[in-house]
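Reading through the structure tokens given below for one structure.
The values are calculated or read from the model by the stated rules, or taken from the named source; none is laboratory data. The structure presented is a predicted model; accordingly, all values stated were derived computationally and were not measured. All Cβ positions, glycine included, derive from the backbone under ideal geometry; neighbour counts span all protein chains shown.
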Amino acid sequence: MAKIDPTARVADGARLADDVVVGPFCIVGPDVTLAEGVRLHSHVNVQGATSIGARTQVFPFASLGTPPQSVHYKGEATALVIGADCLIREQATANIGTAGGSGTTRIGDGVMMMVGSHVGHDCVVGNHVIFANNAVLAGHVSVGDHTFLGGQCAVHQFTRIGAQCMISGLTGVREDVIPFGNVLGQAGKLVGLNVIGMKRRGYTKAQMHEARAVYRDLFFGEGTFDARLERVRAGSEGSPFATLVVAFIDADRKRALCHPSRGVIKEA
């Protein structure tokens, strides 16, 4: 049977696995599902149709599954899904989705949300993403696996961030970021690739040299950006990095793409 502190409030209808721990002064709503091994340390608020995956820990004053911060939300039945093995630290927040979006906010497995970080409505966060203190996502943002979001960075609504990116602290992200991109600045610009992250995940020197060559050709090569993209596309066979970057760009050509300060466009 779940271990529930006498000062906690767990509503009728909530579904808790047998080994869940609900600490002092926590509040759990009637539509919440807590999988095996979940621990709410204390003073945690979990509301809405929120499901939290196995072994995830939530620390004091985090608030999960509350209504979206959207003037268009009218109380529709939407959801928040959080994966397994996450660490959600103090004062972190995540909202349910909206009917005008996907209807569900999703946070993957192994995600770490540090103090004061926020995931807005209808976001899709991949696996093993790290939010440093006060990193925030507006609504409808997608973040790829193994991305690091630096302290106090802010990501504009509908922005796509590829896998294994590095978003530096205090950076504002308004444009889509290619996989492995390293973004810096108040109006964030690419400043290279996330080489540190690549090293940590075991990429070889040859693979990193190949990635740099694709990056240089795409953003600093001759011709317009479309011409450079087609050149990278033509040479992408056998190059996992080029294939991933081209697929990311092709997935939504309507959105602006984050570029370096130089090499954005060179007119033919």
Practice prompt. Would you check if Q157 is over 19 Å from L190 (Cβ atoms), touching a Leu at 6+ places or on another chain (Cβ under 8 Å) and not hydrophobic (A, V, I, L, M, F, W, C)?
Written response: no
Worksheet entry | Selection count, the range 84-102, where residues are under 14 Å from the mean Cα position of the chain (by Cα) and crowded, with 21+ Cβ neighbours inside 10 Å | 5
Practice prompt. Say whether the condition of being touching a Pro at 6+ places or on another chain (Cβ under 9 Å) and polar (S, T, N, Q) is met by at least one residue in the range 55-77.
Written response: no
Discussion item. Tell me yes or no: at least one residue of the range 152-159 is assigned to a loop (DSSP other than H, G, I, E, B) and either within 11 Å of the chain's Cα centre (by Cα) or hydroxyl-bearing (S, T, Y) (or both).
Written reply: yes
Worksheet item: Among the residues of the range 163-174, how many are touching a residue at least 24 places away in the same chain (Cβ under 8 Å) and touching a strand residue (DSSP E or B) at 6+ places or on another chain (Cβ under 6 Å)?
Response: 4
Worksheet item: Which of the residues spanning the range 215-239 are assigned to a loop (DSSP other than H, G, I, E, B) and hydroxyl-bearing (S, T, Y)?
Response: T224, S236, S239
Practice prompt. Scan the range 165-214 for residues that are outside any loop (DSSP other than H, G, I, E, B), under 19 Å from S261 (Cα atoms) and of a type in the set (S, T, N, Q) and report the count.
Written response: 1
Item to complete: Scan the range 34-50 residue by residue and report those that are surrounded by fewer than 19 Cβ atoms within 10 Å (Cβ to Cβ) and either of a type in the set (S, T, Y) or at pLDDT below 95 (or both).
Response: S42
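What tally of residues in the range 19-30 results from selecting those that are part of a loop (DSSP other than H, G, I, E, B) and either under 12 Å from L64 (Cβ atoms) or among the hydroxyl-bearing types (S, T, Y) (or both)?
Total satisfying the criteria: 2.
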Worksheet item: When only residues in the range 214-256 that are more than 22 Å from F158 (Cβ to Cβ) and among the β-branched types (V, I, T) count, which is surrounded by the fewest Cβ atoms within 10 Å (Cβ to Cβ)?
Response: T224
Practice prompt. Would you check which residues across the range 57-83 are surrounded by fewer than 17 Cβ atoms within 10 Å (Cβ to Cβ) and of a type outside the set (G, A, S) and list them?
Written response: P60, P67, Q69, V71, H72, K74, E76
Worksheet item: Only one residue in G197, G181, G192 is farther than 26 Å from A234 by Cα and either modelled with pLDDT of 95 or more or in contact with a Ser or Thr (Cβ under 6 Å, 6 or more places away or on another chain) (or both). Which one?
Response: G197
Discussion item. Under 8 Å between Cβ atoms, which residue pairs at least 6 apart in sequence (or on different chains) link something in the range 194-209 that is farther than 17 Å from I178 by Cα with a partner that is surrounded by 11 or more Cβ atoms within 10 Å (Cβ to Cβ)?
Written reply: K199/M208; R201/H146; R201/Q164; Y203/A211
Discussion item. Whether any residue in the range 206-229 is closer than 24 Å to G126 by Cβ, under 25 Å from the mean Cα position of the chain (by Cα) and among the acidic types (D, E) is what I want to check.
Written reply: no
